[in-house]
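Input: a single structure, listed below in structure tokens.
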Amino acid sequence: MKTAIITGASSGLGREFARQLTDIFPEIECCWLIARREDRLEEIAREMVGVETVCLPLDLCDSMSFTTLQEKLAAEKPEVAILINNAGCGYLGRMGETETAVQTRMVDLNVRAMTAMTNLVIPYMPAGGRILNTSSIASFCPTPRMTVYGASKAYVSSFTVGLSEELKRRDITVTAVCPGPMKTEFLD
């Protein structure tokens, strides 16, 4: 069964990716929606007509979430045609003036979680598979008060280019999207 996995699926871009998935990729038969808020995932799943949906309420800043995902992947062995690494966060604040936990959360989610998701899912991707990573225009230039966010998104963009080269031999496409500010919960 051709499967798509979308992280950060409960709102914003992730929700929109889920909403448009079958219009763009009608061959997808199953979609795993990953985010912390189960109620929102279930609401999105109800809206996704014509595709089986699996809601996985996981906090990708918690390493146990990757154990759960790894076990599910090993048990079900899905044919993952599309991985959308969309989970991310960003906070304004100067280094040294903002709580360390706030700064490191951006690194944990934007860098570590995306890296872990990709590494876990690649073994289940066939030739012709696609990986889409959500980066940001902030990845292209340093921005005061968004230093960690911009650096974490620079990692996403660089990771995408390198991974694209690695996976060419397997015919897996890797792309980064680099949106600017959008009216989503992210700006709140």
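The values are calculated or read from the model by the stated rules, or taken from the named source; none is laboratory data. For clarity, every value in this text was computed on a predicted model and none was experimentally measured. Cβ placement follows ideal geometry from the backbone for every residue including glycine, while neighbour counts extend to all protein chains displayed. Note: areas computed on protein heavy atoms with side chains; ligands, DNA, RNA excluded. Shrake-Rupley method; radii C 1.70, N 1.55, O 1.52, S 1.80 Å.
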Dividing the convex hull volume of the alpha carbon atoms of the stretch 25-116 by its residue count, what do you get in Å³ per residue? 116
Looking at the chain, do any whole DSSP H helices span at least 20 angstrom along their long axis by alpha carbon and average -0.5 or above on Kyte-Doolittle, and which? 147-167
Across bins of 10 angstrom width beginning at 0, how are the C-alpha pair distances of the chain distributed, in whole percent? 9, 38, 38, 14, 2
Tell me the GluC sites (Glu not before Pro) within the stretch 91-186 that lie in a loop according to DSSP and have at most 12 other beta-carbon atoms within 10 Å. 97, 99
Highest first, please rank the peptides 148-157, 65-74 by the mean number of other Cβ atoms sitting within 10 Å of their residues. 148-157, 65-74
Among the aspartates and glutamates, which have Cα under 14 Å from the Cα of residue 2 when same-chain residues fewer than 8 positions away are ignored? 27, 29, 52, 76, 79
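Give me the accessible area per residue for the chain, probe 1.4 Å, as a whole number in Å². Walk me through the numbers before you get to the answer.
On the way: 9720 Å² over 188 residues.
Solvent-accessible surface per residue comes out at 52 Å².
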What is the percent carbon and sulfur in the accessible area of the chain, measuring with a 1.4 Å probe over the protein chains and ignoring ligands? 54
Spatial separation of Cα centroids for the stretch 104-120 and the stretch 82-96, in angstrom: 9
Compute the Rg to Rh ratio over the stretch 106-188 from the alpha carbon atoms, using the Kirkwood formula for Rh, and round to two decimal places. 1.01
